[in-house]
Every structure is written in C-alpha cells, then in structure tokens.
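These notes are about the structure you will find just below.
The values are calculated or read from the model by the stated rules, or taken from the named source; none is laboratory data. The structure presented is a predicted model; accordingly, all values stated were derived computationally and were not measured. Every residue, glycine among them, receives a Cβ derived from its backbone with ideal geometry; neighbour counts consider all protein chains shown. Note: areas computed on protein heavy atoms with side chains; ligands, DNA, RNA excluded. Shrake-Rupley method; radii C 1.70, N 1.55, O 1.52, S 1.80 Å.
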Amino acid sequence: MPSHIIHLLVAQRAAKLCGLHPCVSVSLQNMGSQGPDIFAHNRKTRPLALSYARLLHRKSYGRFVKNLCAIEGVPSNPVIRDWLTGFVTHPCVDRIFHPYIVYRSHFVSSHRFSSVNPARFHAFLERILDSEIYRYMIKNPIENFDAGSALLVPDHDIHGLAHCIAHALLHTYADSAGDQIELRVRNAFIDSMSFYRWTSPHLVETAQSTGTVSNDFVKEWGISAVTLLVPPAPSPAVDWLNTDHADWLHPFTGEVSTESVVDLFNKAVVESSRVLAAYKNLSNRLDDGYLISECSQELETLELLIGNGPLSVTDEEGKTASVRFYDPFDLEDELVRCASRYSPRFEVMET
C-alpha cells in the first residue's frame, strides 16, 4: 500500500478538484485517507483490529462504505463526513500504485538482512516515494511534514467514528468481524496516531539535527524499523519516480508501462475525484431533505465506483494474483545508506 503521505495528498487534491472540502477538519480527512491501514498499525493496544486491515484490503470495500453511509445520520454527521472524504479515496490510490511498488520492491528473500522481513522493503519503497512525491508536489523538504499533527483525531471524534465503523464492519463481515469491534476500532486509532507521531519526518529529523539519539522506535527495533521511516534524502542517483519513463511491468500480467510515479499520482487524483463526486451527490441529496432510504441508487453508484475487489496486485479478472515479474531497486543498499544516519552500527552489512 502507498504510505500515508501520498494517500493524504491525493485525498486533499481530489476533494479540491470536485469541490468537496472538509467542513470540520483536514486532519479527519487525512486520517480517513489512510483507509484500513490504521488497523495494520494496531500492534500494541488490545484487543487488536489487525484482521480488519486484511478484510478491507481483500474484499467488499465498496460494500463497507455503502453500509456505513446507510446508517441513519452518518452522511450528515460532519465528523464522519470529513473522515469519509478521505476514506473513499484509499482504494483508488492502492490499486493504481500497487503494480509499480510491487514490481520495484518485490524480494523473494533479502540476502543481506536476515532480520528484515522481505515485505518491509515494500514498505520502505513506499516511504521513499512519499519523500520524493512530497518534495516534488509541495516543493518543501520532507522534514517539514509533521505527521503527528496532520493525522490527529480528538478523542471525542474517535468514539463517534468507532461506533459507526464497528456497525458497518459487523454488517459487511458478519462471519469474520469477531467481538468487541468498537473497542478494537478505537484501539486502532490510538495506535495509529502513536505510530504516525513517532515516525513523523518532522520529529525524527528534529532529533537528528539537535544531536539527540534517534527515537525509541529505531532503538527498539533496529534496522528493520528504518524501513518504516520516511527518508529525507533518498539517493539522487536512483530514478525513484521513474521520471525518465523507463519500462516497468505489471507484476502478474507482464504488461509494459512507462508511467512515472507523478503520472500515477495524477491518475489517482482523477479517479478519486470521481468517487468523491458520487459521495458528494449522496451528501447533497441528504442535505436537500431526502431520507437515506430514498438514496438507494446513489449508494449503489458509490459502491460500484469504489469496487469490492482486492486492493493489491490482481489478475485480468480482478482477483488477487501472485507476483511473476519484478525488478526491484537496490533497496538493501539504500537501507544501509538511510540507516547509517541513525546509528554508525548500521553502516556495516549484516551477515
């Protein structure tokens, strides 16, 4: 999945493109744009919500949104409305970016880092792209980005969101949702905000510039943790964004593409704006006094545009597919390069 910065930038630009702006808080929209990734960050506070990340990434994302919007009062609730303006964009970004990210990061195994799960290199490339896209789009260094503030949801808003999200999860995944759903969702918000705060480029780079030891996140988990930090200056010798439009292949079909990451970003903005236009249409109908029961067509259209297929690499039929074609960047070397900024001991190659 693309990391959090690309997701929130796409959501913000798509909302602006279709004239749908947050009425309460941009940070709610930002958090919504993270989609089910917040459940994947729930690693400490129990009971955990990890299973919801898998469920929403694999199936029924559009149906979940329809079920959430069908709850009486949800689409007119300003907090949930702002969160949804981000949430409905998440699948577009994942589906558009995943083929490139997988092709350029897939490792069967890491030869140099036995302690680093190969899947972490996928996450590492996502954060490299976050850094490069932020610099390209915002024209500022990534250390100016304060994830702790950009992805902050007040406690009172979390309770309202968790209640409605839990209801929709139970309705969508009745056989898999489990128990204590609302508590699990609240825990996911808590752990996610902690994760975004401790891995925030602003916090990490401030610690580096003041000469303090890198944060506890790195000290506790070592070089593997570096794959979850946004590097301030990825190697300029590598064309991370594919600005030269070199060939790359769809990981399953082998279809050739020359699109750059900027091309993918702009495509994601356009696709996301189409989904947001459908959501805006539903919201306008409700604002005009229609009952949710009278908006079945708008709900169906929203579900259709979002889709219910997986958000990962798929085959021609839209089903999750195995990786057959890949040509990863030298992410092992880049990991050593980035990690050496945090500790001299990372400068040596693992054996």
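What relative contact order, as a whole-number percentage, does the stretch 10-168 give when Cα pairs under 8 Å and 6 or more residues apart are counted?
Values: 145 pairs, mean separation 48.2, N = 159.
Once normalised by length, the contact order is 30 percent.
In terms of modelled amide H atoms, which long-range or inter-chain residues lie less than 5 Å from the amide H of Thr314?
Those qualifying (amide H under 5 Å, at least 5 residues apart or on another chain) are Ala321.
Picking from Gly318, Pro251, Asn67, whose Cα lies most toward the positive end of the charge dipole for the chain (charges on Cβ: Lys, Arg +1; Asp, Glu -1)?
Asn67
With a cut-off of at most 16 other beta carbons within 10 Å, and DSSP calling the residue loop, which GluC sites (Glu not before Pro) in the stretch 292-332 qualify? Please list them. Show your work: numbers first, answer last.
Values: sites: Glu294, Glu298, Glu300, Glu303, Glu316, Glu317, Glu332; in loops: Glu316, Glu317.
Here the sparse-neighbourhood loop sites are Glu316, Glu317.
Please list, in order along the stretch 310-319, the HN-Hα scalar couplings obtained from phi with the Karplus expression 6.51 cos²θ - 1.76 cosθ + 1.60 (θ = phi - 60°), rounded to whole Hz, x for Gly and Pro.
Result, rounded to whole Hz: x, 9, 9, 5, 10, 8, 5, 9, x, 9.
With a/c under 1.5 counting as rounded, go ahead and sort the stretch 192-325 into rounded, prolate or oblate using the C-alpha gyration tensor (a ≥ b ≥ c being the square roots of the eigenvalues; past the cut-off, prolate if a/b is larger than b/c, else oblate).
On the way: a/c = 2.38, a/b = 1.44, b/c = 1.66.
Oblate.
How would Val261, Val256 rank on accessible area, largest to smallest, probe 1.4 Å?
From most exposed to least exposed: Val256, Val261.
Ordered by residue, what ³J(HN,Hα) values in Hz, to whole numbers, does the stretch 26-39 give under the Karplus form 6.51 cos²θ - 1.76 cosθ + 1.60, where θ = phi - 60° and Gly and Pro are x?
Taking θ as phi minus 60°, the curve returns 5, 5, 5, 4, 4, 5, x, 5, 6, x, x, 4, 4, 5 Hz for the stretch 26-39.
Which cross-chain or sequence-distant (5 or more) residues have an amide H under 5 Å from the amide H of Asn242, H modelled 1.01 Å from N in plane?
Here the answer is Val261, since their amide H atoms fall under 5 Å of that of Asn242.
Taking 8 Å as the Cα distance limit and 6 or more residues as the minimum spacing, I'd like the relative contact order of the chain as a percentage.
On the way: 595 pairs, mean separation 101.8, N = 351.
Contact order relative to length: 29 percent.
I need the phi-derived Karplus couplings for the stretch 180-189: 6.51 cos²θ - 1.76 cosθ + 1.60, θ = phi - 60°, integer Hz, Gly and Pro marked x.
With coefficients 6.51, -1.76 and 1.60, one gets 6, 4, 4, 5, 4, 5, 4, 4, 5, 4 Hz.
Does the stretch 117-159 come out rounded, prolate or oblate by the C-alpha gyration tensor, with a ≥ b ≥ c the root eigenvalues, rounded set by a/c under 1.5 and, if not, prolate when a/b is larger than b/c and oblate if not?
Details: a/c = 3.54, a/b = 1.32, b/c = 2.68.
Taking the square roots of the gyration eigenvalues as a ≥ b ≥ c, the stretch 117-159 is oblate.
Got a sec? Charge dipole of the chain, +1 on Cβ for Lys and Arg, -1 for Asp and Glu; which of Ile133, Trp221, Ala15 is way out at the positive end?
With unit charges placed on the Cβ atoms, the residue in question is Trp221.
Please give the contour-minus-distance gain from Leu50 to Gln208: 0.36 nm per residue of separation, less the Cα-Cα distance, rounded to one decimal in nm.
Working: separation 158, 0.36 × 158 = 56.88 nm, distance 3.18 nm.
Taking 0.36 nm per residue and subtracting the Cα distance, the gain is 53.7 nm.
Loop only by DSSP, 15 or fewer other Cβ within 10 Å of the Cβ. Give me the trypsin sites (Lys or Arg not before Pro) in the stretch 256-351 that pass, ordered by residue number.
Numbers: sites: Lys267, Arg274, Lys280, Arg285, Lys319, Arg324, Arg337, Arg341, Arg345; in loops: Lys319, Arg324, Arg341.
Passing both the DSSP loop test and the Cβ count: Lys319, Arg324.
Could you do me a favour and compute the accessible area per residue for the chain, 1.4 Å probe, result in Å²?
On the way: 15050 Å² over 351 residues.
In whole numbers, the chain has 43 Å² accessible per residue.
Could you give the nm distance between label points at Arg112 and Asp247, where each point is 7 Å from its Cα heading toward the beta carbon?
The two pseudo-label positions are separated by 2.8 nm.
Using +1 on the beta carbon of Lys and Arg, -1 on that of Asp and Glu, and nothing else charged, what's the dipole of the stretch 1-81 about the Cα centre, debye to 20? Please list the in-between numbers first.
Details: 11 positive and 2 negative charges, 60 e Å.
Approximately 280 debye in magnitude.
Considering just Cα atoms, how many Å³ per residue does the convex hull of the stretch 156-213 enclose? If you can, show how the numbers build up before the last one.
Values: hull volume 6.0 nm³, N = 58.
In the stretch 156-213, the Cα hull volume divided by residue count equals 103 Å³.
So what is the relative contact order for the stretch 1-66, in percent, with contacts set as C-alpha pairs under 8 Å and at least six apart? Could the numbers behind the result be given before it?
Values: 36 pairs, mean separation 16.5, N = 66.
Relative contact order for the stretch 1-66 comes out at 25 percent.
Using the alpha carbon gyration tensor of the chain, what are the three equivalent-ellipsoid semi-axes (square root of 5 times each eigenvalue), largest first, in whole Å? Write out the running numbers ahead of the final one.
Values: eigenvalues 220, 103, 74 Å².
Over the Cα atoms of the chain, the semi-axes work out to 33, 23, 19 Å.
When the accessible area of the stretch 143-206 is split by element with a 1.4 Å probe, what percent falls to carbon and sulfur? Can you show the working numbers first?
On the way: 1580 of 2820 Å².
The value for the stretch 143-206 is 56 percent carbon and sulfur by accessible area.
How would the stretch 284-341 be classified by its alpha-carbon gyration tensor: rounded, prolate or oblate, with rounded meaning a/c under 1.5 and the a/b versus b/c comparison settling the rest?
Numbers: a/c = 7.16, a/b = 2.21, b/c = 3.25.
Note, shape of the stretch 284-341 comes out oblate.
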